[in-house]
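The values are calculated or read from the model by the stated rules, or taken from the named source; none is laboratory data. The structure displayed is predicted, hence computed values, not measured ones. Cβ coordinates were reconstructed from backbone atoms using ideal geometry, including for glycine residues, and neighbour counts include every protein chain displayed. These area figures cover heavy atoms from the full protein model, side chains too; ligands, DNA and RNA do not enter into them. Shrake-Rupley method; radii C 1.70, N 1.55, O 1.52, S 1.80 Å.
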Amino acid sequence: MPTSPKSAAPKSAKSDMAAAPLGRTDRLDARVLETLVGYNARRAWLVVSALFAKRMAAFKLKQIDFSVLSLLAHNPGATSRQICSTLDILPPNLVSLVAELDARALIERKPHPHDGRAVGLHLTPAGEALVGEAEQAVIQLELDASARLNARERETLIKLLQKVYL
């Protein structure tokens, strides 16, 4: 008995799926998504972020903690306002973060030398030691996460991403 085109299609699709290598049947057509900067940046961020969380667990640092400590390591006395501006975060979000870092004795507040209303944030000796180790670990994890790129490609990627947000 001849089969109609409608009944033949599902059988053909099933046989194609059965012949596909394991795991290939889960791969969807993402060609449109893969042309989007945001999609690709997010997918790369997921890889780096997972590795960051794993390696920074020993330091008990989240990405924002690390960013603030690194800024203070290279900009002693920076104000909360400057940190918020640099990291594009809201002041109320920084208040609790600064309190946590202060409670961990990683930072301290000192009067700002040029603005009597402002408070400068500084690393404590414990904060300096922690951020020094953490920065080395982050540099290595970034190299590991981008291992498929050569040095020039990695530099180009960073410059291109900065063109999007700077």
### Task
Could you give the size of the charge dipole of the chain about its Cα centre, using +1 on the Cβ of each K and R and -1 on the Cβ of each D and E, expressed in debye and rounded to the nearest 20?
740
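Determine the calculated [θ] at 222 nm for the chain from helices alone, applying -39500 (n - 2.57) to every DSSP H run no shorter than 4 residues and normalising by the residue count; nearest 500 deg cm²/dmol. Show your work: numbers first, answer last.
Numbers: 7 runs with 104 residues, N = 166.
Computed ellipticity for the chain at 222 nm equals -20500 deg cm²/dmol.
What longest range of the chain stays clear of loop-exposed trypsin sites (Lys or Arg not before Pro) (DSSP non-H/G/I/E/B, at most 12 other C-beta within 10 angstrom)?
On the way: sites that count: Arg27, Arg31, Lys60, Arg117, Arg148.
The answer is 61-116.
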### Message
Straight-line reach from Lys159: which aspartates and glutamates fall under 18 Å, measuring Cα to Cα and dropping same-chain residues less than 8 apart?
### Response
Glu142
### Query
Considering only protein heavy atoms, what per residue accessible area in square angstrom results for the chain with a 1.4 angstrom probe?
74
### Summary
Here, His114 and Ala151, labelled 7 Å along Cα→Cβ, have an inter-label distance in nm of 3.6
### Summary
Full extension between Gln162 and Ser49 adds, at 0.36 nm per residue less the Cα distance, a length in nm of 38.9 nm
